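Everything below concerns the one structure shown next.
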Amino acid sequence: MVKHIGILTAGGDSPGLNAAIRGLGKAAIDGYGMRVIGYKDGFRGLMENRFIRLDGFSLSGILTVGGTILGTSRDKPHKMTVGNKILDMTDVIVENYYKNHLDVLVCLGGGGTAKNAYRLAQKGLNVITLPKTIDNDVAMTDITFGFDTALGIATEAIDRLHSTAHSHHRILVVEIMGHNAGWLALGSGLAGGADVILIPEIPYDIGKIAQAICRRSKSGKHFSIVAVSEGAMSVENAALLDHAQKRRKNASNEEESKSAQDEIKEIMAKQVNHSMEIARNLEKLCKLEARVTILGHLQRGGAPSAADRILATRLGTACASLVEKEVFGVMIASDGDNIKPVPLEEVVGKIKLVPLDHQWVESARLVGTCFGD
Ligand code: F6P
């Protein structure tokens, strides 16, 4: 029997998605004689049964292309906006899976996508996920594709900011993506020689950052680069958030839970523009001009790096082999030089944060980087 694969890409786009689609599609079609379709725009396309047939022609020439030829969305099967309502569309998705005679649905995405795929597995569908995200925060895999490319882009940005910071004797604050994980800011900060690296895992004290910058000034270095992860928080805000999260967890009724949620929203609202606030405060405390660069979606766009092309191709082709062996309900993880299937229940609900004793943190500290702690 010819096996039928459905592929979708969900969540934020990430360099390497097309390389993974190509790897999976080519290995499945040419290597195993399978048939492959690709759903448009993530779980929404699956719900609306919008798909394209993937064949030698459509899979050709996409290895080096950024984004995803399938389109993506952040829609969740169980909470989808339809008209002006938010509905659970899981049953429609299950119906479409069978309508297209799928043997497996392969979802390319991050932690949220793994959770959504797992929910579909619990409804009886065969699913496999491939870990992609520039944040590198998916549990149970060494690395996600997209991370290496974003790391290169952020590092190059820091390199470029160095010369202008140096020429103008300024503090240059650069905000780097990563959601609640500091991998991208830490990696690019280390590679680019940032003087200060602020990550969500290590709450910062603005006074300590100012001291580090003033020390540099006194030693004749009248410029500093501050790499700030978008999720980095001051000690004060981190304590408030922790308190509100505990309140929400222990709430004994709706009202308590709502009030805790409102408090969390308020704290998170303060996070918007926090790089600006860091720059403003450092300007005052260090008596140096400060400027802010927010790298934003530049970090996700464009061609994947060689490392991401290789990783995505390895994961995609390994996926075809696992479909052939009928290994389902797994995420295909990178494990050193190997690839291994990890049961989805071991992945969902977890996030891979930077361990405080991670070697990158230790090395950065040993070359004098300030973490604001
Ligand atoms: O998960 C990838 C990511 O780029 C995060 O680093 C960032 O917080 C988020 O997506 C931004 O999402 P959007 O593109 O939907 O604004």
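Taking the range 72-103 as the range and being among the hydroxyl-bearing types (S, T, Y) and within 16 Å of the ligand (Cβ to nearest atom) as the test, the residues that pass are T72, S73, T81. A single entry from M34, M89 fulfils the requirement of being at pLDDT 95 or above and in contact with a Pro (Cβ under 9 Å, 6 or more places away or on another chain): M89.
Of the strands (runs of 3 or more DSSP E) lying entirely inside the range 1-70, the ones with 1 or more residues being within 16 Å of the ligand (Cβ to nearest atom) are found at 4-9. For beta carbons closer than 6 Å, sequence separation of 6+ or different chains, a first residue in the range 270-283 that is among the acidic types (D, E) and a second that is modelled with pLDDT of 95 or more, the qualifying pairs are E283/A290. Taken residue by residue, the range 288-310 has no member that is under 26 Å from D103 (Cα atoms) and touching a residue at least 40 places away in the same chain (Cβ under 8 Å). So which residues in the range 118-132 are over 18 Å from K99 (Cα atoms) and not aromatic (F, W, Y)? If the condition is that a residue be over 18 Å from K99 (Cα atoms) and not aromatic (F, W, Y), then R119, Q122, I128, T129, L130, P131, K132 are the ones that fit.
All of L186, L125 fail the test of being touching a residue at least 60 places away in the same chain (Cβ under 8 Å) and either of a type in the set (F, W, Y) or more than 13 Å from the ligand (Cβ to nearest atom) (or both), apart from L186. If you filter the range 181-225 down to residues that are over 21 Å from the mean Cα position of the chain (by Cα), among the β-branched types (V, I, T) and surrounded by 22 or more Cβ atoms within 10 Å (Cβ to Cβ), you find that the one that is nearest to D373 (Cα to Cα) is I209.
Among residues of the range 24-41 being free of Cβ contacts under 8 Å to residues at least 60 places away in the same chain and small (G, A, S), the one that is surrounded by the most Cβ atoms within 10 Å (Cβ to Cβ) is G38. Checked against (1) in contact with a helix residue (DSSP H, G or I) (Cβ under 7 Å, 6 or more places away or on another chain); (2) outside any helix (DSSP H, G or I); (3) over 24 Å from E324 (Cβ atoms); (4) touching a residue at least 40 places away in the same chain (Cβ under 8 Å), M80 passes all but condition (4). Going by the conditions given, is L295 touching a helix residue (DSSP H, G or I) at 6+ places or on another chain (Cβ under 6 Å) and either among the hydrophobic types (A, V, I, L, M, F, W, C) or within 16 Å of the ligand (Cβ to nearest atom) (or both)? Spelling it out, L295 is indeed touching a helix residue (DSSP H, G or I) at 6+ places or on another chain (Cβ under 6 Å) and either among the hydrophobic types (A, V, I, L, M, F, W, C) or within 16 Å of the ligand (Cβ to nearest atom) (or both). Where strands (runs of 3 or more DSSP E) sit wholly within the range 125-198, those with at least 1 residues that are within 15 Å of H358 (Cβ to Cβ) occupy 196-198. The C-beta contact set for the range 215-240 (first residue within 27 Å of T155 (Cβ to Cβ), second residue basic (K, R) and at pLDDT 95 or above, distance under 6 angstrom, 6+ apart or interchain) comprises F223/R170; S224/R216. If G112 satisfies every condition in (1) within 15 Å of the ligand (Cβ to nearest atom); (2) buried (at least 24 other Cβ atoms within 10 Å of the Cβ); (3) small (G, A, S) but one, which is the exception? That leaves (2) as the condition not met.
Of the residues screened, M276 is one that is of a type in the set (A, V, I, L, M, F, W, C) and either surrounded by fewer than 18 Cβ atoms within 10 Å (Cβ to Cβ) or in a loop (DSSP other than H, G, I, E, B) (or both). Filtering the range 200-210 to residues that are part of a loop (DSSP other than H, G, I, E, B), touching a Leu at 6+ places or on another chain (Cβ under 9 Å) and more than 13 Å from the ligand (Cβ to nearest atom) leaves E201, I202. Scanning the range 263-274 for residues that are more than 16 Å from the ligand (Cβ to nearest atom), under 30 Å from D159 (Cα atoms) and within 27 Å of the chain's Cα centre (by Cα) turns up at least one hit.
The values are calculated or read from the model by the stated rules, or taken from the named source; none is laboratory data. Nothing here was measured: the structure is a model prediction, and the numbers come from that model. Backbone-built Cβ (ideal geometry, glycine too); neighbour counts: all protein chains shown.
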